[in-house]
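A short reminder: the numbers here are calculations on the coordinates, not readings from a lab. None of the values given here were measured: they were computed from a predicted structure. Here the Cβ positions follow ideal geometry from the backbone for every residue, glycine too, while neighbour counts run over all protein chains shown.
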Amino acid sequence: MRIIRAKDYDDMSRIAANIIAAQITLKPDSVLGLATGGTPVGTYKELIKKYNEGVLDFSEVRSVNLDEYKGLPKENAQSYDYFMKVNLFNHVNIKEENCYIPNGMAEDDDAECHRYDEILERFPRDLQLLGLGLNGHIGFNEPNDHFSKGTNLIQLTQSTIEANSRFFDSYEAIPKYAFTMGIKSIMQARKILLCVSGKHKAPILRDLIHGPITPQVPASILQLHNDVIIVADEDALSLM
Ligand code: GLP
């Protein structure tokens, strides 16, 4: 694990964007595993800046997103599909047909998981971007008694529902289930880039790096990956 210490959120975002930009420059047809949440928004802004400056070309890039809420149509402003368009895809020259994300409105959950696993198999990820849930979840893989393998439908924990409540008007409107790439699939990415910002993430980041490898802290499995870069700001690293 390489840990890069950033000053603050903006610094973390610049460093993460530079790493992703280097990946795209070295391999223009890179497959990127992309993430949502507040953490990568600044990184996406920096990537858009680089695209506008003419130093980045997304025309051959593919993206495979980590997760999607069950029951939210693409047009819903809180769906991750919508998030990706607003925060990145609409602002760069990535092709729509090269962007993959689970379908939150799928009628058959198992068939949807299977469909997504086939996409993951067809397009092995060169780089997987991750944020970190307060309870150690990655994607939407919540603490559990085992590490998940392929794409699965997850019942969100109370802690995650509360963390996500800031984006919804009422408790009822917050989805309680989500499709997520499995832990095994996340670990199959060649390179993993985990971004962490803020004092509230300091305890879980410490557990991830120094604690036991346990499905109760799903991100702790990253200790076993041979190419993980953690870009964390000083607040997130304050307990280390
Ligand atoms: C959600 C997403 C995760 C993300 C996490 C942390 O649960 N499914 O991919 O990493 O939130 O979010 P934030 O970056 O807003 O702290």
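If the viscosity is 1.567 mPa s and the temperature 4 °C, what Stokes-Einstein diffusion coefficient in µm²/s follows for segment 114-180 when Rh is the Kirkwood radius over Cα pairs? Let's see the in-between values first.
Numbers: Rh = 13.5 Å.
D = 96 µm²/s.
For the cross-link pairs LYS70/LYS201; LYS27/LYS50; LYS7/LYS50; LYS27/LYS149; LYS7/LYS149; LYS27/LYS70, which exceed 24 Å when the distance is taken from alpha carbon to alpha carbon? Please list the in-between numbers first.
Working: LYS70/LYS201 26 Å; LYS27/LYS50 16 Å; LYS7/LYS50 21 Å; LYS27/LYS149 27 Å; LYS7/LYS149 35 Å; LYS27/LYS70 33 Å.
Going by Cα-Cα distance, LYS70/LYS201; LYS27/LYS149; LYS7/LYS149; LYS27/LYS70 fall outside the 24 Å limit.
For segment 1-110, compute Rh as the Kirkwood radius over C-alpha pairs and then the Stokes-Einstein diffusion coefficient at 25 °C and 0.890 mPa s; write the answer in µm²/s, rounded to an integer.
Values: Rh = 14.8 Å.
Once the numbers are plugged in, D ends up at 166 µm²/s.
Hey, can you rank 94-100, 60-66 by average C-beta count inside 10 Å, highest first? The partial results should precede the final answer.
Details: 94-100: 15.0, 60-66: 22.1.
The densest-packed peptide leads the list: 60-66, 94-100.
Just need the relative contact order of the chain here, percent rounded to a whole number, with Cα pairs under 8 Å and 6+ apart. Intermediate values should be presented prior to the final figure.
Details: 491 pairs, mean separation 61.9, N = 240.
Computed value for the chain: 26 percent relative contact order.
Most exposed first by the Cβ proxy, i.e. fewest other Cβ within 10 Å, how do SER165, SER13, SER170, SER79 rank?
Working: SER165 13, SER13 24, SER170 7, SER79 21.
Ascending Cβ contact count within 10 Å gives the list SER170, SER165, SER79, SER13.
Could you pull out the trypsin sites (Lys or Arg not before Pro) across segment 115-183 that fall in loop regions by DSSP (anything but H, G, I, E, B) with no more than 13 other Cβ atoms inside 10 Å? Don't skip to the answer; put the middle values down first.
Working: sites: ARG115, ARG122, ARG125, LYS149, ARG166, LYS176; in loops: ARG125, LYS149, LYS176.
Sites meeting the loop and neighbour criteria: LYS149.
Principal axis lengths of the chain from Cα atoms, whole Å, largest first?
42, 42, 35
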